[in-house]
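The structure appears right after this line, and notes come after that.
The values are calculated or read from the model by the stated rules, or taken from the named source; none is laboratory data. Note that the coordinates shown come from a computational prediction; the quantities given were computed from them, not determined experimentally. Cβ atoms come from the backbone with ideal geometry, glycine included; neighbour counts cover every protein chain shown. Calculation scope for accessible area: heavy atoms of the full protein, side chains included, ligands and nucleic acids excluded. Shrake-Rupley method; radii C 1.70, N 1.55, O 1.52, S 1.80 Å.
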Amino acid sequence: MSYKRTILITGVAGQVASCLCDALVSNPENLVVGFDNLLTGFKENLPMEADNFKFFELDCNSYTDMEGLFAQFSFDYIYHYAAVVGVKRTLAHPLLVLDDIKGTENILKLANAQNVKRVFFSSSSEVYGEPLEHPQHEETTPLNARLPYACVKKISELYIKAFHEEFGLNYTIFRFFNTYGPKQSKDFVMKIFVESAKNGLDIPIYGEGNQTRTFCYIDDNVEITSRAMYEDLFVNDTVNIGNDNEMTIKELAQTVIDELKSSSQIIHLPALPAGDMMRRRPNVDKMKAQMKRPHITIQEGIRKML
């Protein structure tokens with residue numbers, strides 16, 4: 001069968017990438033190729049039965065793996081989402097995290113050689129570190145990252161911009177802020193809170209719970225990131241992808257308890273030694289300018305997760 005476009009998704013078995021995959025596979029004009037080393041992703045997240053989806057168990061940090069894949073397919077677009085994720089995991093295995101720089105370099109070299117139309121990169125709110133500006137704006141907030149995961153994202157952003165300057169390779173950098181949904185893995189805060197509340201278990205919070213975050217439901221993320229390709233949005237630009245409704249972690253826990261009418265109690269654990277920034281909220285003016293509806297509220301998102 002002839003397809004209008006061939007799209008590669010790296011790290012396809014993770015939460016965000018697999019939901020994007022579902023959306024892109026739903027369009028019969030797309031051939032979607034995905035790979036994952038399954039370190040933190042799960043094959044059950046994937047539309048394996050779809051005729052226009054091909055999955056490979058590969059590691060983008062291996063140039064040999066990537067070279068073989070690019071020899072099989074000619075890609076029009078690449079969503080580079082592969083990464084070692086999770087605060088505890090990235091703090092415990094910093095060398096594993098730093099290896100991801102090689103993966104970005106491999107993808108960019110092969111994308112450039114194949115004249116890919118655009119590379120979309122999943123960066124992170126972590127690049128802002130402990131923000132010096134609030135809310136965090138893409139152009140004006142200093143990138144204050146110090147932890148390995150955040151530094152890898154920052155270095156990858158620089159690689160991407162360098163390939164654009166040197167070779168004209170088009171890009172879009174998505175800086176994701178706390179995206180949640182049904183496929184979220186069990187070591188992320190929203191999933192922990194919802195699963196605990198569902199089962200009437202204590203909800204654990206690190207420290208006093210006064211850290212603030214925003215939470216973006218997966219549908220909002222996928223709508224914008226897929227339309228960025230279809231409608232040529234954010235070409236050679238960086239855009240925050242998130243929700244700007246800021247709340248404390250303690251307020252989040254109470255909201256989950258209220259929505260689920262749970263008997264769970266909030267308990268306090270020792271504060272994390274690093275990586276738990278006190279405030280985080282994106283400026284999402286660029287995203288909102290392209291949204292065709294309001295963001296999904298935290299209450300609606302929790303209900304959708306169930």
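Here are the numbers for this structure:
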{"read-out": "The chain: angle of helix 189-198 to the longest principal axis, Cα-based, in degrees nearest 10", "value": "50 degrees"}
{"read-out": "For the chain, accessible area per residue (1.4 Å probe, heavy atoms of protein chains only), Å²", "value": "44 Å²"}
{"read-out": "Hz values of 3J(HN,Hα) by residue in the range 43-54 - Karplus curve (6.51, -1.76, 1.60), Gly and Pro given as x", "value": "4, 5, 6, 9, x, 4, 7, 6, 5, 9, 10, 10"}
{"read-out": "Cα convex hull of the range 150-197, projected area averaged across orientations, nm²", "value": "4.4 nm²"}
{"read-out": "Per-bin percent of Cα-Cα distances, the range 21-62 [10 Å]", "value": "28, 52, 20, 0"}
{"read-out": "Alpha-carbon Debye profile of the range 199-306, log10 I(q)/I(0) at 0.15, 0.18, 0.19 Å⁻¹", "value": "-0.75, -0.96, -1.02"}
{"read-out": "Cα centroid of the range 52-103 to Cα centroid of the range 229-306, whole Å", "value": "26 Å"}
{"read-out": "Peptide ranges 134-140, 280-286 listed from the most packed, as the mean C-beta count within 10 angstrom indicates", "value": "280-286, 134-140"}
{"read-out": "Of all accessible heavy-atom area on the chain, the percent that carbon and sulfur account for (1.4 Å)", "value": "51 percent"}
{"read-out": "Stretch gain in nm, segment residue 166-residue 57, where the contour uses 0.36 nm per residue and the Cα spacing is subtracted", "value": "36.1 nm"}
{"read-out": "Set of lysines near residue 292 by C-alpha distance (under 27 Å), chain-local residues within fewer than 8 positions excluded", "value": "4, 117, 183, 304"}
{"read-out": "Within the chain, helix-based [θ] at 222 nm, where runs of 4 or more DSSP H residues each add -39,500 (n - 2.57), nearest 500", "value": "-11000 deg cm²/dmol"}
{"read-out": "The chain: angle of helix 148-167 to the longest principal axis, Cα-based, in degrees nearest 10", "value": "30 degrees"}
{"read-out": "Computed Kirkwood radius, in angstrom, where 1/r is averaged over Cα pairs of the chain", "value": "19.8 Å"}
